[in-house]
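Inspection log for the structure reproduced underneath, given as structure tokens.
The values are calculated or read from the model by the stated rules, or taken from the named source; none is laboratory data. Bear in mind the structure is a predicted one, so any value in this text is a computation, not a measurement. Note that each Cβ is placed from the backbone with ideal geometry, even for glycine, and that neighbours are counted across all protein chains shown. The accessibility values were calculated without ligands, DNA or RNA, using every heavy atom of the protein model including side chains. Shrake-Rupley method; radii C 1.70, N 1.55, O 1.52, S 1.80 Å.
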Amino acid sequence: MKLTGKILLGLLLGAVVGIALHTFAPQWFTTLDTYIFGPLGTIFLNLIKMLVVPIVFFSITLGTASLGDPKKLGRIGGKTIGFFLVTTTIAITIAISLAFIIQPGNIDIDTTGAEYEAQEAPTVVETFTSIIPTNPIQAMVEGNMLQIIFFSVFVGFALAMLGKKAENVTKVIEQGNDIMMYLVNLIMKFAPYGAFGLLASAVGELGLDGMRAMLMYMVVVVLGLVLHAVITYGSAVKFLGNMNPIEFFKKFFPAMTVGFSTSSSSSTLPISMKTAQEKLNVPKPISSFVQPLGATINMDGTAIMQGVATVFIAQVYNVDLTFSAIIMVILTAVLASIGTAGVPGVGLIMLAMVLTQVNLPVEGIALIIGIDRILDMTRTALNITGDAACAVVVSETEKKHEDSQLTEERMEA
Ligand code: ASP
């Protein structure tokens, strides 16, 4: 049986066991969760998290070094960020439109006693200036992705400029990258068990009843995720990336199952990069640059959840959203999804920022917090797919660029 099949089986078994325990033997669930499901999930998460910082450092440094030319780096960077911004804006627009059409919040729901304490979100300026690490080692210790990316791009650039002078270091980094990729393969053998533990734990805690109460909200979020994947990524991959969308989703699917299991874009990074490089044929330098950046700042799934949640909460509390409030939601949700770290649950924290911006009650978050664990899984699977779609698009446009330059050079000669 192939690995993806095994992971899917793990997920399915996890869901069945979780629901069964929640319904028939809730007292057993706690014990089993403490000693089996929880540890299985944590072992898997820790194993892959162990690789994230070294992989990001090695692969981005190597990627930048092999791009070499600063012009090329700027062009790829520009295209990547442009793709991220446009797709996230489309994502949130789809989400808000769906929520207005389906109206998941027009239900009788008791909001008395709903309490949620908002945590402070960083300001936009803070987010930008703190990208430069004052101490790169500390950035690695803390796992601060944007800072590690920033440092790695600089080191890679220096390696490219120094060429022969620093070729030994380039080799060490190349070999470091190979070691990490080998370890990804090894660790993935444990993925089915991890997936089982993570799903049993999440579903067992919530149970079917917990999900039924929020069914409409969940349906709208998931519908938004599916539409965005099919329409936005499907057409981007087809028209800009010159790849059959079905083939794209089929080949990237294994990474999506891991994103789903872990609810963390950055934990899934080692696997999503490997899948893009080996299955989608994205050149290493491009994948190494686009995907870590995407796992940190590109969160379309999160933006979709935030869009639906905002309209949902407005409907529950009977607040009319004006047109300018909606534009505000789009803007802040795009920023919030950039500021959201690729780890479980942060999207919900950043939702507080969006709600405050349009004067909606932050306590509304208490209504959706219960099912967020499950939705976090689904949106993370989409988040990492967006990064892969971008990598495919950037690599195709770069190929075209190089081809046209070659023809130009030939014409001149
Ligand atoms: N868990 C999401 C991710 O890592 C972020 C979020 O929406 O909470 O992609």
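How big is the equivalent ellipsoid of segment 260-353 along its three axes, where each semi-axis is √(5λ) from the Cα gyration tensor, reported in whole Å from largest to smallest? Can you show the working numbers first?
Values: eigenvalues 202, 34, 20 Å².
Sorted largest first and rounded, they come to 32, 13, 10 Å.
Global dimensions of segment 374-413 from alpha-carbon coordinates: Rg and Dmax equal 17.6, 60 Å. Taking only the Cα atoms of segment 310-413, the radius of gyration and Dmax are 20.6, 70 Å. With only Cα atoms counted, segment 1-76 has Rg and Dmax values of 20.7, 62 Å. Qualifying chymotrypsin sites (Phe, Trp or Tyr not before Pro) in segment 138-215, where qualification requires a DSSP coil assignment and no more than 15 other C-beta atoms within 10 Å, comprise F190. For the chain, the fraction of alpha-carbon pairs lying more than 26 Å apart is 55 percent, rounded to a whole number.
Distance check, please: which entries in K71/K250; K79/K284; K2/K399; K2/K400; K49/K171; K71/K165 exceed 28 angstrom between their Cα atoms?
Numbers: K71/K250 34 Å; K79/K284 17 Å; K2/K399 32 Å; K2/K400 35 Å; K49/K171 24 Å; K71/K165 22 Å.
The pairs that break the limit, which is 28 Å between Cα atoms, are K71/K250; K2/K399; K2/K400.
For segment 211-225, backbone nitrogen atoms closer than 18 Å to the point 7 Å from T23 Cα along Cα-to-C-beta are found at 211-215. Modelled label positions at I231 and V141, each set 7 Å beyond Cα in the direction of Cβ, lie 4.8 nm from each other. Per the 1.4 Å probe, what fraction of the accessible area of segment 178-322, in percent, lies on carbon and sulfur atoms? Carbon and sulfur together cover 66 percent of it.
Rounded to 0.05, the FRET efficiency of the A366 and T34 pair, given R0 = 41 Å and the Cβ-Cβ distance, is 0.95. The residues of the chain expose on average 46 square angstrom of accessible surface per residue, using a 1.4 Å probe on protein heavy atoms. For the chain, the longest principal axis of the C-alpha atoms and the axis of helix 300-316 are separated by about 20°. When the trypsin sites (Lys or Arg not before Pro) in segment 155-210 are filtered for DSSP coil states and for at most 14 other beta-carbon atoms within 10 Å of their beta-carbon, the remaining sites are K189. Per-residue ellipticity at 222 nm, computed for the chain from helices alone with -39500 (n - 2.57) per DSSP H run of at least four residues, works out to -26500 deg cm²/dmol. Using the Cα gyration tensor of segment 187-326, with a ≥ b ≥ c the square roots of its eigenvalues, what is the shape: rounded (a/c below 1.5), prolate (a/b larger than b/c) or oblate (neither)? It comes out oblate by the Cα gyration axes. For segment 399-413, backbone phi angles converted through the Karplus equation (6.51, -1.76, 1.60; θ = phi - 60°) give residue-by-residue couplings of 4, 4, 4, 5, 4, 5, 5, 4, 4, 4, 4, 5, 4, 5, 5 Hz, Gly and Pro being listed as x.
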